[in-house]
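Asks: One structure coming up, written as structure tokens, with questions to follow.
The values are calculated or read from the model by the stated rules, or taken from the named source; none is laboratory data. Fair warning: this is a prediction, and the values are worked out from it, not measured in the lab. As a convention, Cβ positions derive from the backbone with ideal geometry for all residues, glycine included, and neighbour counts pool all protein chains shown. The accessibility values were calculated without ligands, DNA or RNA, using every heavy atom of the protein model including side chains. Shrake-Rupley method; radii C 1.70, N 1.55, O 1.52, S 1.80 Å.
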Amino acid sequence: MARERTSSPQVGILMGSDSDLPTMQETGKILAEFGVPFEFRVCSAHRTPERVTRYAREAERRGLRVLIAGAGGAAHLAGVLAAQVTLPVIGVPMESGPLSGLDALLATVQMPAGVPVATVAIGRAGARNAALLAIEILAVSDRELRRRLAQYRARMVAEVIAKDRQVQAGPR
Ligand code: RP5
């Protein structure tokens, strides 16, 4: 049975540049698979700080419940958002630049006590986990999302078991 949902976004996916979009699309794909409405925005903590502040100030009133921020290099987007909202903020460090994302990981994760950012792994795996973590947060008060998460996990288990059987069977 199709699930009824409001179309106004519950999750905001922000990124520092459109060059982050291929990674952050992984987040969008999973949210779409679970039927969670979201929006994509390009908003840079360094290049457009006023726009980041405006977005943060309006987020709660607009009905957003979780913010996900992907950024690379000196990645301050998630932290700057977290400084201005009490919504949960998830940070995704981009796998880019001469340091392959280690700089973004440290800039995102090393928040001062009092202003948390839930930081996931660098790159596409992190972008997927950001979506799943956002869904888990929403699922605390949403039984249907909890059911879908359980199905998702069960599919993963079945896939690993199938791969195990294939590996045990050896090359054909
Ligand atoms: C960061 O700088 C962005 O999040 C992006 O990952 C990185 C490079 O941005 P572009 O030079 O590609 O616009 O702020």
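Asks: Does region 18-33 hold any residues that are closer than 13 Å to ALA130 by Cβ and either crowded, with 21+ Cβ neighbours inside 10 Å or within 12 Å of the ligand (Cβ to nearest atom) (or both), and which are they?
Replies: Of everything in region 18-33, those that are closer than 13 Å to ALA130 by Cβ and either crowded, with 21+ Cβ neighbours inside 10 Å or within 12 Å of the ligand (Cβ to nearest atom) (or both) turn out to be ASP20, THR23, MET24, THR27, LEU31.
Asks: Next question, about the same structure. Yes or no: ARG61 open to solvent by 60 Å² or more (accessible area, probe 1.4 Å), closer than 28 Å to ARG146 by Cβ and under 14 Å from the mean Cα position of the chain (by Cα)?
Replies: no
Asks: Between a first residue in region 154-172 that is of a type in the set (Asp, Glu) and a second residue that is open to solvent by 100 Å² or more (accessible area, probe 1.4 Å), which pairs have beta carbons less than 6 Å apart while being 6 or more apart in sequence or on different chains?
Replies: From region 154-172, no pairs qualify.
Asks: Would you confirm, using the coordinates I've provided, whether ALA45 is within 12 Å of the ligand (Cβ to nearest atom) and surrounded by 21 or more Cβ atoms within 10 Å (Cβ to Cβ)?
Replies: Criteria met by ALA45.
Asks: Tally the residues that are within 18 Å of CYS43 (Cβ to Cβ) and within 14 Å of the chain's Cα centre (by Cα), restricting the search to region 83-118.
Replies: The number of residues fulfilling the criteria is 10.
Asks: Residues in region 75-89 that are open to solvent by 60 Å² or more (accessible area, probe 1.4 Å) and either more than 19 Å from ARG51 (Cβ to Cβ) or within 12 Å of the ligand (Cβ to nearest atom) (or both): how many?
Replies: Total meeting the criteria: 2.
Asks: Look at PRO112 and say whether it is more than 21 Å from LEU31 (Cα to Cα), more than 15 Å from the ligand (Cβ to nearest atom) and either charged (D, E, K, R) or at pLDDT below 95 (or both).
Replies: no
Asks: To continue, here is another question. With respect to the numbered conditions (1) among the hydrophobic types (A, V, I, L, M, F, W, C); (2) in contact (Cβ under 8 Å) with a residue 60 or more places away in the chain; (3) more than 15 Å from the ligand (Cβ to nearest atom), which one is the sole condition not fulfilled by VAL92?
Replies: Of the numbered conditions (1) among the hydrophobic types (A, V, I, L, M, F, W, C); (2) in contact (Cβ under 8 Å) with a residue 60 or more places away in the chain; (3) more than 15 Å from the ligand (Cβ to nearest atom), the odd one out for VAL92 is (3).
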